[in-house]
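The values are calculated or read from the model by the stated rules, or taken from the named source; none is laboratory data. Just so it is clear, the structure is predicted and the values come from calculations on it, not from any experiment. Cβ: placed from backbone, ideal geometry, glycine included. Neighbour counts: every protein chain shown. Keep in mind that these areas ignore ligands, DNA and RNA; they rest on the heavy atoms of the full protein, side chains included. Shrake-Rupley method; radii C 1.70, N 1.55, O 1.52, S 1.80 Å.
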Amino acid sequence: MCSVVNKGLKLEILPNEDMTTVLEQNIGNARFLWNNILRRYNDLYKLFRFHGYPLSPYIRNLNAILKMLKQENRFLYEGESTSQQQVFRDLNKAFTKFFKEGTCYPRFKSKKNPKQSFRIQKNGNNIRITNRRIRLAKLGYAHYRTSSQYKKLLKNSKINNVTVKKENGKYYAIVNIKTTVKELEKTGKNIGIDLGLKNLATLSNGQEITNLDLKKEDKIIKKYQQKLSRQKYNSKNYQKTLKKYHKWLNQKNNKINNAYHQLSHHLVKNYDIIAMETLNIQGMFKNKRWAPKLQKISLHKLQEMIKYKSQWYGKKFIQIPRFYPSSQLCNICGYQKHNLTLDIRKWTCPTCGTTHHRDINAAKNILQKAIKNIYHKKKINIKK
Ligand SMILES: [Zn+2]
């Protein structure tokens, strides 16, 4: 069985001086548009509310603001038009998420953010990629570097869009393509995952996956950060330090990405049902013991990887509600230990006498709950 999926392929692009200028302009335009549409919308929203009228960020309202901004700022006509449309589509999405899913209110984009980007929608011939060069209408062309595997995919796939991204001083094109992937064979085995503080994850089969050791990277990054704050902004020496700083940030990111790719691939390859708790990042940050560790690891990234890979390869990824007391329940008899504090790593069930390793027990409960949920859903479907 094959499934049709959207895949993002990362290309490092090597723009010449002219194209760098154009890319910077477009990145600036996208940020300018985002911030200005957001500011004007906020003003309108306040004005309406002051007079007692509700105002929703309908795409029409945002579009009207975009038109207004273009008339006032002629330079916007020189940029890529599909990328401008994309800015306001993204903003609309951010608002929808805020109103419907309760995520954070859309924030202003800062020039100082080390990640900057804009997206170009495929429209006729505006995006062309050959074996060595990528050509983006209005922006020019550039040589690029990527794996031979990606090159092959690029040749044979339909392109949806391209996101141009500047990350830690380098330029990338993330090419979103439509492709097919072959489902992985079923193994008949299932797994529960307990994400933790001491370990990155503990699996229901007893396997413990330790946190990445990023001490060396963090130490060097901090050193360059301090050096930058002492140097004169944009001086020659500052630029030199900035290059090294970016290099180490990239190195750290790559290390995390590689480890997460490996782990998520291992899981979808070996198991049919993968169960995990819903992440409660905001709640975790409120916990003083979790907060410093969480800044170093991005559990959300790992969760997303497992999620999309399960979809691609025909496996099931199930998340159970976060208020489920997975650590407190005995996975053998169901007894609930209410006074289980964070420092208790091992406990013995007073009812059935089983001694539990805290996290393995939690992972087992997470898996059991997920399987129960699937069974329950099936039963409802049969009744219908
Ligand atoms: Zn028990």
Quick check on residue 199: is it open to solvent by less than 40 Å² (accessible area, probe 1.4 Å), assigned by TED's automatic domain parsing to the domain that holds residue 355 and in a loop (DSSP other than H, G, I, E, B)? yes
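Residues are listed down the side, and each one gets a yes or a no for (1) among the small types (Gly, Ala, Ser); (2) within 15 Å of residue 278 (Cα to Cα); (3) in the same structural domain as residue 266 (by TED's automatic domain parsing):
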| position | (1), (2), (3) |
| --- | --- |
| 301 | no, yes, yes |
| 310 | yes, no, yes |
| 325 | no, yes, yes |
| 334 | yes, no, yes |
| 337 | no, no, yes |
| 340 | no, no, yes |
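This table checks each residue for (1) assigned by TED's automatic domain parsing to the domain that holds residue 171; (2) over 21 Å from residue 117 (Cβ atoms); (3) over 28 Å from the mean Cα position of the chain (by Cα); (4) not polar (S, T, N, Q).
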site: 33; (1), (2), (3), (4): yes, no, no, yes
site: 49; (1), (2), (3), (4): yes, yes, yes, yes
site: 56; (1), (2), (3), (4): yes, yes, no, no
site: 61; (1), (2), (3), (4): yes, yes, yes, no
site: 75; (1), (2), (3), (4): yes, no, yes, yes
If we scan the range 237-259, do we find a residue that is assigned by TED's automatic domain parsing to the domain that holds residue 194, open to solvent by less than 30 Å² (accessible area, probe 1.4 Å), among the hydrophobic types (A, V, I, L, M, F, W, C) and free of Cβ contacts under 8 Å to residues at least 24 places away in the same chain? no
Scan (1) at pLDDT below 90; (2) more than 27 Å from residue 166 (Cβ to Cβ); (3) part of a helix (DSSP H, G or I) for the single condition residue 253 breaks and write down its number. (2)
Please pick out the residue among 78, 12 that is closer than 24 Å to residue 125 by Cβ and in contact with a helix residue (DSSP H, G or I) (Cβ under 8 Å, 6 or more places away or on another chain). 78
Determine if the range 64-73 includes at least one residue that is assigned to a helix (DSSP H, G or I), over 23 Å from the mean Cα position of the chain (by Cα) and acidic (Asp, Glu). yes
Go through 58, 41, 53 for me and flag whichever is closer than 25 Å to residue 163 by Cβ, among the aromatic types (Phe, Trp, Tyr) and out of contact with any Asp or Glu (no Cβ under 8 Å at 6 or more places or on another chain). 41
Residue that is modelled with the lowest pLDDT [pool: residues in the range 125-165 that are within 22 Å of residue 82 (Cα to Cα) and open to solvent by 60 Å² or more (accessible area, probe 1.4 Å)]: 138
Please verify whether residue 360 is in the same structural domain as residue 279 (by TED's automatic domain parsing), among the hydrophobic types (A, V, I, L, M, F, W, C) and within 16 Å of the ligand (Cβ to nearest atom), treating the condition exactly as stated. yes
Quickly run through the range 363-374 and pick out the residues that are open to solvent by less than 40 Å² (accessible area, probe 1.4 Å) and either over 31 Å from the mean Cα position of the chain (by Cα) or away from the ligand (no atom under 14 Å from the Cβ) (or both). 363, 366, 367, 370, 374
Enumeration of residues in the range 315-357 that are away from the ligand (no atom under 14 Å from the Cβ), in contact with a Leu (Cβ under 9 Å, 6 or more places away or on another chain) and charged (D, E, K, R): 315, 322
Surrounded by fewer than 17 Cβ atoms within 10 Å (Cβ to Cβ) and in a helix (DSSP H, G or I) - does that describe any residue in the range 171-189? no
Scanning the range 98-155 residue by residue, those at positive phi and in a loop (DSSP other than H, G, I, E, B) turn out to be 102, 124, 138
Restricting the search to the range 197-217, which residues are out of contact with any strand residue (DSSP E or B) (no Cβ under 6 Å at 6 or more places or on another chain) and closer than 19 Å to residue 302 by Cβ? 197, 198, 205, 207, 210, 211, 212, 213, 214, 217
Search result, residues across the range 206-219 that are within 14 Å of residue 253 (Cα to Cα) and open to solvent by less than 100 Å² (accessible area, probe 1.4 Å): 212, 213, 214, 217, 218
Residue in the range 61-114 that is modelled with the lowest pLDDT, counting only those that are acidic (Asp, Glu) and surrounded by fewer than 19 Cβ atoms within 10 Å (Cβ to Cβ): 101
